[in-house]
């Protein structure tokens, strides 16, 4: 088990963490969301619920009643006394059964000041529109991250286009122009949705265009977005050094996003 908590939600009831291994049953047909809690407040909950509904429909073929989802999440937060952290909501579809879990997970919020290293990998998600947990994919990415000593793996498709990170979305910056892969090619991150709005509100140009792996060095900056990393500059892709943390346009987006979080 990679996390510690007091109680978790399973199919309508709270159960002690000690019983989690007895209740948790992984299956490849699953959908999930990871939501962030800051000062006991849930960030972007409606966006997460909308994406969860979409994933369930695509994976399961029909909708599931989520009317009590918010109160269930709040109960898990309360029972585990969570001030700041991440909560996982997970539906597992096996045979004719649907198992529903809500539980806290370990989190790591990286330092955004200096940027992080990344590496590219020729791999594509099977279905990027569905937020589904894939153990084989996760293990492969974790192995690369550990062996190469990087923060993130950037996925490159058969056309040589950088689509997204293994656990994040990615942007490239040239002057005041921001480039990110088309929504149809990626898992549309909740942070990505809000950052897109911020870029446009600041009057910058946003292009939904994936960058070719051979063109990385042509850009002034690049950064990741995700629930845990917020807006995270990249300082290196493969052997290419990038001064992303010093880019004024990226800094403006990051600053705006941080102020936006405090208002929620």
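Things worth noting here:
- Filter result (assigned to a loop (DSSP other than H, G, I, E, B) and surrounded by 17 or more Cβ atoms within 10 Å (Cβ to Cβ)) within the range 1-11: 5
- Helices (runs of 4 or more DSSP H) completely within the range 12-97 that count 2 or more residues being over 22 Å from the mean Cα position of the chain (by Cα), surrounded by fewer than 11 Cβ atoms within 10 Å (Cβ to Cβ) and without any contact (Cβ under 8 Å) to a residue 60 or more places away in the chain: 20-23
- Restricting 205, 201, 197, 254 to those that are touching a residue at least 60 places away in the same chain (Cβ under 8 Å) and either in contact with a strand residue (DSSP E or B) (Cβ under 8 Å, 6 or more places away or on another chain) or closer than 27 Å to residue 48 by Cβ (or both) reduces the list to 254.
- Across the range 134-152, the number of residues qualifying as touching a residue at least 12 places away in the same chain (Cβ under 8 Å) and farther than 23 Å from residue 33 by Cβ comes to 4.
- Wholly within the range 197-241, strands (runs of 3 or more DSSP E) carrying at least 1 residues that are at pLDDT 95 or above and within 12 Å of residue 170 (Cβ to Cβ): 221-226, 230-237
- Scope the range 153-190; condition in contact with a helix residue (DSSP H, G or I) (Cβ under 8 Å, 6 or more places away or on another chain) and either part of a helix (DSSP H, G or I) or under 18 Å from residue 36 (Cβ atoms) (or both); matching residues: 167, 169, 188, 190
- Condition met for residue 95 (modelled with pLDDT under 95, more than 16 Å from residue 189 (Cβ to Cβ) and in the same structural domain as residue 13 (by TED's automatic domain parsing)): yes
- Failed item in (1) crowded, with 18+ Cβ neighbours inside 10 Å; (2) closer than 22 Å to residue 253 by Cα; (3) free of Cβ contacts under 8 Å to residues at least 60 places away in the same chain, with residue 187 passing the rest: (3)
- Residues in the range 118-143 that are part of a strand (DSSP E or B) and in contact with a helix residue (DSSP H, G or I) (Cβ under 8 Å, 6 or more places away or on another chain) were compared, and the one that is nearest to residue 213 (Cα to Cα) is 120.
- Residue 113 under 23 Å from residue 134 (Cβ atoms) and either free of Cβ contacts under 8 Å to residues at least 12 places away in the same chain or within 20 Å of the chain's Cα centre (by Cα) (or both): no
- Meets criteria (within 29 Å of residue 158 (Cβ to Cβ), in contact with a strand residue (DSSP E or B) (Cβ under 6 Å, 6 or more places away or on another chain) and surrounded by 16 or more Cβ atoms within 10 Å (Cβ to Cβ)) for residue 217: no
The values are calculated or read from the model by the stated rules, or taken from the named source; none is laboratory data. Predicted model only: the values in this text are computed from it and were never measured. Neighbour counts run over all protein chains shown; Cβ positions are idealised from the backbone, glycine included.
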